[in-house]
There are 2 protein chains.
Amino acid sequence: MIQKAIHSLSVPTRRDILSVLRNGELTSSEIASKFELSAPAISQHLKVLEQSGLVAMRKAGTKRYYRIRRDGFEELVKFIDQFWDTSLLSLKEAAEEEERRNHESND
Amino acid sequence: MIQKAIHSLSVPTRRDILSVLRNGELTSSEIASKFELSAPAISQHLKVLEQSGLVAMRKAGTKRYYRIRRDGFEELVKFIDQFWDTSLLSLKEAAEEEERRNHESND
DNA sequence: TCTTTATTTAAGTTGACACTTAATTAAGTA
DNA sequence: TACTTAATTAAGTGTCAACTTAAATAAAGA
């Protein structure tokens, strides 16, 4: 799921779709109207976003409303934190970091 | 840079490289020895990671030591937070969220 | 300077995936 | 039972990038 979430986010169009959804839920066609892409293209992106847990959907008649799913983003950020969060890094890496700071050859 | 960072993270091998670097800095060949990939493949990944700001490098003779660059991850997480952080979502979306909670048809 | 070690750059191949149009499914309405 | 609206699934195409091996660069040692 996390891997799918990162993969989802890596495509600009999908990030744009998420941006649009920050203002509230929208139907597939409402989203499509904001892009210069075909409806199937948007539908395919929404499917990917849903399967990655970043977006949720509710049906209402023939319409399908899509919205941001916070839990998905929360999990994603937690996962990314593993790579750099000080409290999660090894003692060795922490020591190296300190060493670099002392030598002021940082970055 | 942020877009590059997300793109970098979207490839499993690059995430694995970052995992290996959590224990401290390593040379290109030390990293390559931990994978069943050619040295050039690893080198290419390291280049992408460096250009995306997730990894930093220092030269020492013919060796090149690579390490995690915290600032890159910090920026990345800030960017991702935009999509879901409550304080950054619109009033409309907040209201809809509240509405869904009340109807308990949430997820 | 020749050799060795560490690494990258060059060039080419292959698979994944973001698009397209056409066809299909699904729900509501006359 | 059509017809309309909303959306997806199917099928095909083209581009991109993750690999490969071979060649090039760069620093250090004999």
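The values are calculated or read from the model by the stated rules, or taken from the named source; none is laboratory data. Not measured: the values here are computed from a predicted model. A quick note on method: Cβ atoms are made from the backbone with ideal geometry, for glycine too, and the neighbour counts reach across all protein chains shown.
Things to note:
- Check on residue B:93, of a type in the set (Asp, Glu), away from DNA strand D (no atom under 16 Å from the Cβ) and buried (at least 17 other Cβ atoms within 10 Å of the Cβ): yes
- Just one of the listed residues (A:26, A:21) is within 11 Å of another protein chain (Cβ to nearest Cβ) and either of a type in the set (Phe, Trp, Tyr) or under 22 Å from residue B:9 (Cβ atoms) (or both), namely A:21.
- Filter result for residue B:76 (within 22 Å of residue A:97 (Cβ to Cβ), hydrophobic (A, V, I, L, M, F, W, C), within 14 Å of chain A (Cβ to nearest Cβ) and crowded, with 17+ Cβ neighbours inside 10 Å): yes
- Of the residues making up the range B:74-107, those that are aromatic (Phe, Trp, Tyr) and touching a residue at least 40 places away in the same chain (Cβ under 8 Å) number 1.
- Every condition in (1) surrounded by fewer than 12 Cβ atoms within 10 Å (Cβ to Cβ); (2) at pLDDT 95 or above; (3) assigned to a helix (DSSP H, G or I) is met by residue A:87 except one, and the failing one is (2).
- The sole residue among A:39, A:5, A:32 that is within 30 Å of residue B:71 (Cβ to Cβ), surrounded by 13 or more Cβ atoms within 10 Å (Cβ to Cβ) and of a type in the set (A, V, I, L, M) is A:5.
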